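Shown next, in structure tokens, is the structure this report addresses.
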Amino acid sequence: GDVTDPPPFDALATVTHARLRAAQGDVAGARRLLKTLLARRPDDPEARALLARLCGLEQSEPEDPSLEPLEPPVPGDPAALAASFRSALNAAQPRGAGQRKAERLRALLGRIAARRGASGAR
């Protein structure tokens, strides 16, 4: 074949490759690789043992908890969030350290609110 042709599937069938696939969650792909490998080398004890273990996973594997439905999100209370945010900011800075910045920010927010009110824009 041409140099750019991919290798045949059975050339990729190794116990190491099957372990990697299984570790990534592709148990079915790992089993296919092991069956292909065992068709070439039926007496490979490592491949047989891994295939037996992977076939047993289907029956004994617990349900994946990440697939369970989650509680629907609950909207936050803007006033409680603002109070919590202010509290966190105040605790992070010593008294007076951010006073000028806070005043400048309040003035900027006031100008923005005034412009919105004057133009009716939202």
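The values are calculated or read from the model by the stated rules, or taken from the named source; none is laboratory data. Please read all numbers here as calculations on a predicted model, not as lab measurements. Backbone-built Cβ (ideal geometry, glycine too); neighbour counts: all protein chains shown. Note: areas computed on protein heavy atoms with side chains; ligands, DNA, RNA excluded. Shrake-Rupley method; radii C 1.70, N 1.55, O 1.52, S 1.80 Å.
Computed quantities for the displayed model
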{"read-out": "Residue within segment 84-106 that is open to solvent by 90 Å² or more (accessible area, probe 1.4 Å), out of contact with any strand residue (DSSP E or B) (no Cβ under 6 Å at 6 or more places or on another chain), in a loop (DSSP other than H, G, I, E, B) and modelled with pLDDT of 90 or more present", "value": "no"}
{"read-out": "Single match in Arg19, Arg53, Arg40 (criterion: of a type in the set (Lys, Arg), surrounded by 10 or more Cβ atoms within 10 Å (Cβ to Cβ) and at pLDDT below 90)", "value": "Arg40"}
